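Reading through the structure tokens given below for one structure.
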Amino acid sequence: MAIEVIMPKMEMAQESGTVLRWLKVEGSTVRKGEPLLEAETDKVTVEVESPGSGILTGVTAREGEEVPVGTVIAVIRSPEELEQMVIPADATASISQAAEVANVASPVAQRMAAEHHVDLSQIRVEGRRITRRDVEDFLAHARPSSQTVRLSPASPLARRLAGEIGVDVAAVHGSGPEGAVLATDVRAFRQASTAVQMEVQPAPEPTEPPSLPRAIVGSYRTIPLRGVRKVIAERLQHSFQTAPHIALTLSADMTEVKRLIEHLSESAVWQATGSKVSLTAVLARIGALALARHPRINAHLVDLEIREYDRVHLGIAVALDDGLIVPVIRDAQTKGLAVIQSELDDLVQRARSGRLKLEEVKGSTFTISNLGMFGIEQFTAVLNPPEVGLLTVGAITPSLVESGGQVTTRPLMRLTLMADHRAVDGGTGAQFLATVKAMVENPYLLLV
């Protein structure tokens, strides 16, 4: 029985997904649970597993194509089913035909055919599997005699890099064992080709809107709003337009938190953990305890329903080169500072290397965003729906403070609560911030 491969729905608000890369070529034999393709949502890149075993056929979604959730993007069929399929005589290189022939082709022949855009159904052999030599012979006869067919070996990294930057591996001179093309060869070939093009081609005139003078416009580069960036833009616009945001800000004295971090960093017990004590981890621990005391802030707003949660699933905003991702610390209200620090280090590292799992960026009940390390003293942010609250953290700055009739300099930090006014009133938000401030200025309350 044919098994359909669909674009899966991997999160509540997801409407579509983008096919980044097929890990199996059409006509390949696949096993159930084996990675089939890489798909991208607005939060993560995930591997989609094969829903069954058989031959991959009927691939309809190209790499880079955005596909609605639930769309059939391929079909997995058994070899017996392919043999029984009736193919019209006048059909033009149908996908099923290609898959059927690929079933009797060696893996090397299948990969080579895919790289050189060869339809395996056009290669005829008598009573045996299609081999690499068959593909080479087909290419040699299919091209004009003046063209030289060069199918030198290449490393997987070199082939992947060549595909990404549009270089024909066959045109690259390999420096590896037995003339194998390496990634460095591909980069050198691309660099040399670019240099030649710059020498022989005149510099293009800068394009600009005709209504603006040249001196005003200048040169620019275009960055398409697509993929992750497009989804982020759409979701943030929806959040800002539908949720009436309010912002509440106060300053907290960070003297005791800085002293706590210093003492913990010097302790042998903490040093044994192998982690550094970060301000973000301390604030995550404080925020989790404060949210447990103020469940109205630890909530979602879905349709006309406010859902208050007993468990705190704390999202930590992490800036990436091409966007923002919010990995989640589950049940943060039950975890000590050392555990939170360890989980935070792991999540941030894997977020920046693109290795987060989908479940690690779903289901947060509240988010903390810290830009203090960049010198930002105070900022507002757009809520992460369906959450009703978000805490922004600014830089610690020396400030003059009056205490006991004397003016002293203290390290202050501005904390801003962004809240959905439909679910959170100003008084409720102020009480939450007061709890956070009390714990920041006396972090030893974390032991209570």
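The values are calculated or read from the model by the stated rules, or taken from the named source; none is laboratory data. Because the structure is predicted, anything quoted here is derived from the model rather than measured. Glycine also receives a Cβ, built like all others from the backbone with ideal geometry; neighbour counts cover every protein chain displayed. All accessible areas refer to the heavy atoms of the entire protein, side chains included, with ligands and DNA or RNA removed. Shrake-Rupley method; radii C 1.70, N 1.55, O 1.52, S 1.80 Å.
So here's what we get for this one:
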| read-out | value |
| --- | --- |
| Point-charge dipole on Cβ atoms (K/R +1, D/E -1) for segment 340-448, about Cα centre, debye to 20 | 200 |
| Segments 32-41, 279-288 sorted - mean Cβ within 10 Å per residue, highest first | 279-288, 32-41 |
| Portion, in percent, of the accessible area of segment 305-383 that falls on carbon or sulfur, probe 1.4 Å | 49 |
| Karplus (6.51, -1.76, 1.60) ³J(HN,Hα), θ = phi - 60°, over segment 361-368, in Hz, Gly and Pro reported as x | 10, 10, x, 5, 9, 6, 10, 10 |
| Segments 343-355, 399-411, 47-59, 263-275 sorted - mean Cβ within 10 Å per residue, highest first | 47-59, 343-355, 263-275, 399-411 |
| Most to least packed among 62-75, 316-329 [average Cβ atoms within 10 Å] | 316-329, 62-75 |
| Rounded accessible area per residue of segment 220-338, 1.4 Å, Å² | 56 |
